[in-house]
Amino acid sequence: MPVLDLQENFQTLDRENMLQSIEDMPAQCMAAWEGMNSITLPTHYIQANQMILLGIGASRVAAEFVQAIALKTSTIPIEVLTGPDLPTYVGSQTLVIAISYTGNTREVAAAFRSAGERGAKLFGISAGGDLAALCRKYRAPYFSIQYGAQPRAAIGYLIMPPLLALERLGFVEFETQDLLAKGVETLRQCAEILRPSVSTPQNQAKQLAQRLMGKIPVILSPDFLRAGRHRFQMQLQENAKTFTVEVELPEGFHTFIADLKFPQSIASELAFVLLRSQYESTGLREEYETLGTQLKQGHLQIEQIKLKDGNTFLDEQFGFLSWADYVSFYLALLNGVDPSQSGDMINIQASKVGLKAFFQT
């Protein structure tokens, strides 16, 4: 029996039950949805004429997810920032939403504090920490995450509050009332075909994990799927401890792939993973096909992930998150590592002896 079908052995490596958090994603989304019912947003927030979403890591993925959805209908510019410095234009007519599971992400808290000092319209999402304190200080609406897990394992709680807030304010519009619920249902449908109880011969996530073992995955997608692309890159690195590269298209066609020659041994180490969408432009689709032909001619490994036709744009955004989570979980098991364990963040400390970087080994 394939090793990924021996579920009784999973807990030997998955000591903090990352699998449960992956399977919880639909429930996380629904719990956050219910929790938002008790959040009141000031009516003057609808007057915002620009928007900034703050987030790093899983929170960045959440911010990019929301941005991709909002850009379909929003009439105001929307930026995602990962650093501590705000653009000069931020002021009283800017809506600034900060996302940080711990609430203590230094860069996010610094930018949020600066936004408060400039009189921006604020909304915070965290499980406490500095972000919660800043929301109290500026009397800003705040969503408290009630879910104990690694930050990356609470993605449903990071996505839904800002998405629902923007819908309430009119910056996100869904074509039908049940569109968001259908998006969450896509997560359940993905779980039905990707979860551990589905044996390897019928489970595409397990098969892909096997083919990625020992490789350097290169995740490629168009800009509108950047949340899924970043989720893949981050989950493969954090869960499976696998060095992963992510490339945005179409720029990658002209730069990353065009001159991939050295070191000469690199080709055999790479596995190109293409995230495909039914919403690709004709030009992008043709470039994808050309790329596939070139990679095959060069005897390079190419993988493609495409959800079933008929999914909405929102469904696809949710679906790729689910794929990233399951593939990274299975690859972690194949690599013999705990998917829940995280290496320490690089701590840069100024001291008399200089700067030191600390890594957990």
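The values are calculated or read from the model by the stated rules, or taken from the named source; none is laboratory data. Computed from a predicted model, the values in this text were never measured in an experiment. Because the Cβ atoms are built from the backbone with ideal geometry, glycine has one as well, and the counts that use them run over all protein chains shown.
If a residue has to be buried (at least 16 other Cβ atoms within 10 Å of the Cβ) and of a type in the set (Gly, Ala, Ser) to count, how many in the stretch 70-97 make the cut?
The qualifying residues number 2.
Among the residues of the stretch 339-358, is any assigned to a helix (DSSP H, G or I), modelled with pLDDT of 90 or more and out of contact with any strand residue (DSSP E or B) (no Cβ under 7 Å at 6 or more places or on another chain)?
There is no residue in the stretch 339-358 that is assigned to a helix (DSSP H, G or I), modelled with pLDDT of 90 or more and out of contact with any strand residue (DSSP E or B) (no Cβ under 7 Å at 6 or more places or on another chain).
Restricting the search to the stretch 112-134, which residues are within 24 Å of Ala153 (Cα to Cα) and in a helix (DSSP H, G or I)?
Phe112, Gly129, Asp130, Leu131, Ala132, Ala133
Being of a type in the set (D, E, K, R), touching a helix residue (DSSP H, G or I) at 6+ places or on another chain (Cβ under 6 Å) and either in contact (Cβ under 8 Å) with a residue 40 or more places away in the chain or under 26 Å from Val184 (Cβ atoms) (or both) is true for just one of Glu34, Glu16, Glu64. Which residue is that?
Being of a type in the set (D, E, K, R), touching a helix residue (DSSP H, G or I) at 6+ places or on another chain (Cβ under 6 Å) and either in contact (Cβ under 8 Å) with a residue 40 or more places away in the chain or under 26 Å from Val184 (Cβ atoms) (or both) holds for just one of Glu34, Glu16, Glu64, which is Glu64.
Tell me which residues, restricted to the stretch 223-281, are part of a loop (DSSP other than H, G, I, E, B), of a type in the set (Val, Ile, Thr) and more than 20 Å from the chain's Cα centre (by Cα).
Thr255, Ile257
Mind checking which residues of the stretch 29-60 are within 30 Å of Met213 (Cα to Cα) and either β-branched (Val, Ile, Thr) or not in a loop (DSSP other than H, G, I, E, B) (or both)?
Matches in the stretch 29-60: Ile56, Ala58, Ser59, Arg60.
When the stretch 291-312 is examined, which residues are found to be of a type in the set (A, V, I, L, M, F, W, C) and either in contact with a strand residue (DSSP E or B) (Cβ under 6 Å, 6 or more places away or on another chain) or closer than 18 Å to Thr255 by Cβ (or both)?
Within the stretch 291-312, Leu291, Leu295, Leu300, Ile302, Ile305 qualify.
If you go through the stretch 301-330 one residue at a time, how many are buried (at least 20 other Cβ atoms within 10 Å of the Cβ) and either outside any strand (DSSP E or B) or of a type in the set (Ser, Thr, Tyr) (or both)?
The total comes to 19.
Yes or no, residue by residue, for (1) more than 24 Å from Gly336 (Cα to Cα); (2) touching a residue at least 24 places away in the same chain (Cβ under 8 Å); (3) of a type outside the set (Ser, Thr, Tyr); (4) touching a Pro at 6+ places or on another chain (Cβ under 8 Å):
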residue: His230; (1), (2), (3), (4): no, yes, yes, no
residue: Asn239; (1), (2), (3), (4): no, yes, yes, yes
residue: His254; (1), (2), (3), (4): yes, no, yes, no
residue: Arg276; (1), (2), (3), (4): yes, yes, yes, no
residue: Leu284; (1), (2), (3), (4): yes, yes, yes, yes
residue: Glu289; (1), (2), (3), (4): yes, no, yes, no
residue: Thr293; (1), (2), (3), (4): yes, no, no, no
residue: Gly298; (1), (2), (3), (4): yes, yes, yes, no
residue: Ile302; (1), (2), (3), (4): yes, yes, yes, no
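When you scan the stretch 74-111, how many residues do you find that are in contact with a helix residue (DSSP H, G or I) (Cβ under 8 Å, 6 or more places away or on another chain), in a helix (DSSP H, G or I) and small (Gly, Ala, Ser)?
Of the residues in the stretch 74-111, 1 are in contact with a helix residue (DSSP H, G or I) (Cβ under 8 Å, 6 or more places away or on another chain), in a helix (DSSP H, G or I) and small (Gly, Ala, Ser).
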